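Read through the structure below, which is laid out as structure tokens, and then see the notes.
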Amino acid sequence: MGAQDRTEAVAGLVGGVPDPVVARHPARRLARMTQQQIAPALVPAFAPDGTLRASINLGNPVLAQRGPAGGDPVGVSVDLAYAFGQRLGVPVELVVFEKAAASVEAVKAEKADLGFFAVDPARSEGLLFTAPYVLIEGSYLVRDSSALAGNGEVDVQGTRISVGSGSAYDLFLTRAIEDAEIVRLQGAPAALAALREGEVEVAAGIRQLLEGEARRAPGVRVLPGRFMVIQQAMGIPAARGTAAQEVLASFVEEMKASGFVAGALKRHGIEGALVAPAAPLPV
């Protein structure tokens, strides 16, 4: 497409006559309107087989959830994946996982080309991250009958904290907790069930997920405040190189600055998550 043709295509979008393929997904429309050129030589670093495989974690409802009637995933991470695929000019395949740890391992093993992860030192080996695009609170859930009233009261002997094994809050609490016992289970649903069944005194997780659990059925409550801020970023296999990391980092900063991330959070009804502030690009 020549410069004039590209200008006319963008003008058509702004004028309300969108490309019918792009219009199927809101992310694709904005990606076309804010197009940043990516050197063709770098496209294979993201899509070596011609398709961008995006690792999507359904264990974090802030980022992605099953669509209506169990359909294709929807959420801010899905929107960003399609937007970046549009930027590269390649189709997108969603590689879907139920737990964060499996999503991370898929990218490390290059079974997916990029993913959406919480930044943590324990995950740095084998991955290259962007700066965060969304900030999420990590909180505690307790039974209504619990005497615990604040986050500072949790780390004591005799308290058991259930976590989804390999999650961002598992990694954080592994470093931070000194006296309480961490009980690692297979995913957030198991961690929540352990609390309701009396197997632990506290369940740790993403605030939005815990608040949803408290609304779903009585008997539990979320402790006020937070014990950590989870920084959600995009990541690629380290083997793809720093040049690819810089391209992805620039894309993330553009999506934050343009209002794309904020719009995606609003469109998917996500409350409580914040768009991360602007960050310097890798040098």
task: Evaluate segment 157-171: report whether one residue or more is modelled with pLDDT under 95 and charged (D, E, K, R).
output: yes
statement: Counting only residues in segment 202-234 that are assigned to a loop (DSSP other than H, G, I, E, B) and not hydrophobic (A, V, I, L, M, F, W, C), the one nearest to Val134 (Cα to Cα) is identified as Arg226
field: Checking Ala194 against (1) in a helix (DSSP H, G or I); (2) in contact with a Phe, Trp or Tyr (Cβ under 8 Å, 6 or more places away or on another chain); (3) small (Gly, Ala, Ser), the condition it does not meet
entry: (2)
query: Restricted to segment 204-235, and to residues that are small (Gly, Ala, Ser) and surrounded by fewer than 18 Cβ atoms within 10 Å (Cβ to Cβ), which residue is nearest to Asp120 (Cα to Cα)?
result: Gly225
field: Answer from Glu199, Glu271 - the residue that is within 15 Å of the chain's Cα centre (by Cα), in a loop (DSSP other than H, G, I, E, B) and either modelled with pLDDT under 95 or among the acidic types (Asp, Glu) (or both)
entry: Glu271
statement: Among Ala244, Ala238, the single one that is surrounded by fewer than 23 Cβ atoms within 10 Å (Cβ to Cβ), closer than 30 Å to Leu42 by Cα, hydrophobic (A, V, I, L, M, F, W, C) and in contact with a Phe, Trp or Tyr (Cβ under 7 Å, 6 or more places away or on another chain) is Ala244
Among (1) farther than 24 Å from Val163 by Cβ; (2) in the same structural domain as Pro189 (by TED's automatic domain parsing); (3) not β-branched (Val, Ile, Thr) - the single one Glu93 does not satisfy: (2)
message: Please go through (1) assigned to a helix (DSSP H, G or I); (2) more than 22 Å from Gly187 (Cα to Cα); (3) of a type in the set (Val, Ile, Thr) for Val104 and return the number of the only condition it doesn't satisfy.
response: (2)
message: Considering only segment 49-58, I want to know if a residue exists there that is on the phi > 0 side of the Ramachandran plot and either small (Gly, Ala, Ser) or modelled with pLDDT of 95 or more (or both).
response: yes
message: Conditions first: (1) aliphatic (A, V, I, L, M); (2) farther than 30 Å from Leu195 by Cα; (3) part of a strand (DSSP E or B). Val78 passes all but one, so which condition is the exception?
response: (3)
- prompt: Taking into account only those residues within segment 119-157 that are hydrophobic (A, V, I, L, M, F, W, C) and within 16 Å of the chain's Cα centre (by Cα), which is nearest to Pro224 (Cα to Cα)?
  reply: Ile136
message: Residue pairs, Cβ under 8 Å, 6 or more apart or interchain, first in segment 208-224 and under 16 Å from Gly198 (Cβ atoms), second part of a helix (DSSP H, G or I) and of a type in the set (A, V, I, L, M). List them.
response: Glu213/Leu192; Val220/Leu195; Val220/Ala214; Arg221/Ala214
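So that you can scan it fast, the table gives a plain yes or no per residue for (1) in contact with a helix residue (DSSP H, G or I) (Cβ under 9 Å, 6 or more places away or on another chain); (2) modelled with pLDDT of 95 or more; (3) surrounded by 19 or more Cβ atoms within 10 Å (Cβ to Cβ):
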| position | (1), (2), (3) |
| --- | --- |
| Leu63 | yes, no, yes |
| Leu94 | yes, yes, no |
| Phe116 | yes, yes, yes |
| Val134 | yes, yes, yes |
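The values are calculated or read from the model by the stated rules, or taken from the named source; none is laboratory data. Computed from a predicted model, the values in this text were never measured in an experiment. So basically every Cβ, Gly included, is an ideal-geometry build from the backbone, and we count neighbours across all protein chains shown.
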